Every structure is written in C-alpha cells, then in structure tokens.
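A quick write-up on the structure given underneath.
Taken together, the values in this text are just the output of simple stated rules run on the coordinates, not laboratory data. Please read these numbers as outputs of a predicted model, since none were measured by experiment. Methodologically, a virtual Cβ is constructed for each residue, glycine included, from the backbone with ideal geometry; neighbour enumeration extends over all protein chains shown.
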Amino acid sequence: MNDCIPLIGQQMRQMALRWFTAEPLVRLTEQFIEYKLQESLKFGQLTVIHYRMFGGEGDKVYRAAGAVELFILASDILDDLQDQDAPGKPWMQVSGAAALHVASSLLTLSQQGMLDCTDNNDTRLALVEMMNMHLLQAANGQMLDIMNEITDEQSYLEMVKQKSSMLLSFACMAGVMLAGKPWNSVVGEYAIEIGIAAQLRNDIRDLLRWDDKSDFLQRKRTLLTLFLLESLSDEDQWIQDYFDGRLSAEDIENARARYEEACERTGTLLYGSVMSRMYYNRFEELLDSIQEAGPWKATFLQILNQEIA
C-alpha cells in the first residue's frame, strides 16, 4: 500500500492549489501538507484499502483518500493548538491566527474534495452525510478530551469512541461507500475496536513520557492515569498530590525513576497492554467475518500494526 502514498499526496496538493488562491494560504498549506506526507497517511491508506476490498476500481479513490487526509491534517493542527505541546511542528511556528485559519480552511477543503471524488449524485450525498455524521461525533469526543473531566472507564471509552474511533470509521467507510456499497455495520464496529486499541497504545507511551506530552505531567485523565491513581500505596502519595495540584512540576522534576517504578509496580503498564490487546483481538475477529477482506487482510494488518499491535 505504500505505493499509493504519493498519489494521495498529489491529490492533497492539487485540491489546495485548485481552491486556495491567497499566496499565504497556499504557501502554508503546502508546507503543512509536506510535513504530513513525511509523518503518516494511515487514514488515507485505510480509505484506499476499503475501496479495493469492496470492489472499487479506478483512481477516484485517491481523491477521497486525499480529502480524508486533509481533514486529519486539520484535526492535527487544531489538536496541537489546543494542547500547545508540539513546538517543533510547522503550524506551531507561525502565528496562532494563521495556523487556525489554515486548519479551518482545510476542513472545508476536505468536504469539497469528498464531493469532487465522484459524479454519482447518490454516492456524493451518501459520502457527505456519512462524513458529517462522523465528524460531528468526533467534535463531541474532542470537546470531552479538552475538558479533561473523565472520571471512570466507561466515560473514557465513550470519549475515545466518539473521537479516535470516529475518525477511523470515517476513513474506512469512505472507501466502502465510494465503492458503491451501503453503510457496513461490521466495518463501523471494528473501527471502534481499532480506535480504542490504538488510543490505549498511545496512552501507554504517553504515561511514561517525561516531557510536554506526558499525560502524568499534564495531569491528563486517561484510562491508565485513573488506574494508576486508584492503585497507589502510601509511599506513592506524592503522585496523587501532584495530580491534584498540591505539588508543582518543580517539586517532582527529579522523581521520574520513582514514577516509572510505581507504574510498573501497580500493574498500570500491564493493564494498558492487556486492554489494548483485547480490543485489537476483537477487531481481528470482526475483520475475519467479512468475506471481502480475505485477500486484503495481510495488507490491512500491516498498516495498523505499525502503530497498534
């Protein structure tokens, strides 16, 4: 599937050059797209593979995949502007107003790209309705994440389903529906499982970081930080004190080794790994139930396993 990445990138550039005419908007969009191409086009690849899985032929899928990736790029920009934890990315090195404008412009451009990927009016309507449904749900999940008010496992998983899983479902379903097929409930269901598995893997990584992206240092409520806080012994009270704001970052700046030992001792890391694997295994079971997936399963798993398994 790596051979489709240049084609997706080409479509992203073409859409921007077609619809954007203001020089600063064109210039910054091109810079941001080039950065995105060096990172990952996983979502666009999922669109392509689902289009092929469900019998789609021809090159129109690359326009749809480009539209998906333009939306993901816009989401990445907005997420980084909200979190202020990725100073090295190009959109964080321009004014916040300019980055915000590019992101909002990309949101509209992605929808226009989806409209332009087919001449079949029924398919166009179905695609845009599906797109809007997913993105509105993702907006709800993102707001819950921003507010950082998660209190238990159920509310956390619901937030992830609305945020990460909806973006994956959007990418997969775009390929299914562009191929002329109706909404596929199994695809929608396994996208939820993928999203949760992937988010838990990210949470494991961010649990142990000791920088601006550390969930602990940022006092971010995730399934793993909640589990950790519920599992602390008396000697770990400082972790609770920091999370509740009674200690500052300066107070714990030399406590990384103690913190990592507590994560291991409480079983937080094991818990995260087991939970992630459970959702990933459920995804594989659902994938196996789709007959069309057979010839594409290995490629599909290869795309996902780079970041999830």
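Only DSSP H runs of four or more residues enter the estimate; each adds -39500 (n - 2.57), and after division by the residues of the chain the mean residue ellipticity at 222 nm equals -23500 deg cm²/dmol. Taking 0.36 nm per residue of separation and subtracting the Cα-Cα distance, full extension of the segment from Gln38 to Asp234 would add 66.0 nm. For segment 156-309, the calculated P(r) over all alpha carbon pairs, in 5 Å bins from 0 to the bin holding the longest distance, is 2, 9, 16, 19, 14, 11, 9, 7, 6, 4, 2, 0 percent. Provide the FRET efficiency to the nearest 0.05 for the Val128-Arg277 pair, computing r from the beta carbons and using R0 = 25 Å. Efficiency, from the Cβ-Cβ distance: 0.10. Only the Cβ atoms of Lys and Arg (+1) and of Asp and Glu (-1) were treated as charged; on that basis the dipole of segment 212-309 about its Cα centre amounts to roughly 320 debye. In segment 184-309, taking the dipole from charged Cβ atoms about the Cα centre, the farthest positive-side position among Leu287, Met275, Phe227 is held by Leu287. Stretching Asp152 away from Ala257 to a fully extended chain increases their span by 35.1 nm, per 0.36 nm per residue minus the current alpha-carbon distance. Tell me the relative contact order for the chain as a rounded percent, counting alpha carbon contacts under 8 Å between residues six or more apart. Taking the mean separation of contacting Cα pairs over the length of the chain, I get 18 percent. Note: segment 1-179, Cα convex hull, 116 Å³ per residue. Across segment 44-119, Cα-Cα pairs farther apart than 20 Å form 40% of the total.
Comparing Ser214, Met173, Ile204 along the charge dipole axis of segment 134-234, the residue lying farthest to the positive side is Met173, per the Cβ-charge model. In a reduced charge model with +1 at each Lys and Arg Cβ and -1 at each Asp and Glu Cβ, segment 141-266 shows a dipole moment near 780 debye about its Cα centre. Its relative contact order, with pairs defined as Cα atoms under 8 Å and 6+ residues apart, puts segment 145-251 at 24 percent. In a fully extended conformation the segment linking Ala97 and Gln10 would gain 28.6 nm over its present Cα-Cα distance, using 0.36 nm per residue.
Scattering from the chain was approximated by placing one identical point on each alpha carbon and applying the Debye formula without solvent; log10 I(q)/I(0) at 0.06, 0.10, 0.14 1/Å stands at -0.22, -0.60, -1.08. If you find the alpha carbon centre of segment 1-38 and of segment 46-114, how far apart are they in angstrom? Cα centroid of segment 1-38 versus Cα centroid of segment 46-114: 10 Å apart. Relative contact order for segment 1-179: 29 percent, from Cα pairs under 8 Å spaced at least 6 residues apart, divided by residue count. Considering only Asn254, Ala298, Met15, the residue lying farthest towards the positive end of the dipole of the chain is Met15, judged by Cα position with unit charges set on Cβ.
Net charge dipole, segment 1-179: roughly 500 debye, given to the nearest 20, about the Cα centre with Cβ charges of +1 for Lys and Arg and -1 for Asp and Glu.
Each of Tyr190, Tyr280 has some number of other Cβ atoms within 10 Å of its Cβ, and from fewest to most they run Tyr280, Tyr190.
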